[in-house]
Amino acid sequence: MPRPYASGIVPANADTVWEIVRDFNGMPAWHPGIARSELETGASAATVGAVRLLTLPDGGTVRERLVSLDDTDRRMTYDILDSPFAVRRYRSTVRVAPVTATDEAFVEWWCHYDAEAADEPELDKTFTRAIYAAGITGLADHLAS
């Protein structure tokens, strides 16, 4: 099973970064690949089981369900329900940890998914670069502005 992964340092403390990341409906504010987000179900963006509909800049959509939200470990896990990606059983996790020496945040983002073997190299590249690395850079840019 593939495991695309990206990580990076965000120049803000981990609690500040986590408050932004943990908002399951807040990605359009910081991720350059998300144009809009709306909650379809769930009392709030922090409700496990909430479903969000993300709209991409090209008009495509991705539906995701919040599987877990752990404020102590600063970790969020979600599943893709529907998307333009040729994946099955996609589960992703984003985690924010403190860099104690500099009071910055270490952000890591990864997933596990099933797909046809021929599709995996391109999917790995898309998830690693266009989603996770771009999102981590977007967090840093958002906090710098």
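The values are calculated or read from the model by the stated rules, or taken from the named source; none is laboratory data. As the structure is a computational prediction, the values presented were derived from the model and not from experiment. Don't worry about glycine lacking a Cβ; one is built from the backbone with ideal geometry, like all the others, and counts go over all protein chains shown. Note: areas computed on protein heavy atoms with side chains; ligands, DNA, RNA excluded. Shrake-Rupley method; radii C 1.70, N 1.55, O 1.52, S 1.80 Å.
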### Task
Give me a count of the residues in region 93-137 that are within 21 Å of LEU54 (Cα to Cα), open to solvent by 40 Å² or more (accessible area, probe 1.4 Å), touching a residue at least 24 places away in the same chain (Cβ under 8 Å) and in a strand (DSSP E or B).
1
### Message
If I ask for residues that are aliphatic (A, V, I, L, M) and either open to solvent by 40 Å² or more (accessible area, probe 1.4 Å) or outside any strand (DSSP E or B) (or both), which ones from region 47-68 would you list?
### Response
VAL48, ALA50, LEU56, VAL67
### Summary
The residue from GLU104, GLU64, GLU108, GLU116 that alone is in contact with a Pro (Cβ under 6 Å, 6 or more places away or on another chain) and at pLDDT 95 or above is GLU104
### Message
Can you tell me how many residues within region 6-32 are more than 19 Å from LEU66 (Cα to Cα) and of a type outside the set (A, V, I, L, M)?
### Response
7
#### Entry: Extreme residue, surrounded by the fewest Cβ atoms within 10 Å (Cβ to Cβ), among residues of region 1-28 that are modelled with pLDDT under 95 and not basic (Lys, Arg)
MET1
### Query
Which residues, taken from region 29-43, are outside any strand (DSSP E or B) and open to solvent by 50 Å² or more (accessible area, probe 1.4 Å)?
ALA29, PRO32, ALA35, ALA43
### Message
Just the residues that are crowded, with 19+ Cβ neighbours inside 10 Å and either under 23 Å from THR16 (Cα atoms) or touching a Cys at 6+ places or on another chain (Cβ under 7 Å) (or both), please, taken from region 70-92.
### Response
ARG74, MET76, TYR78, TYR90, SER92
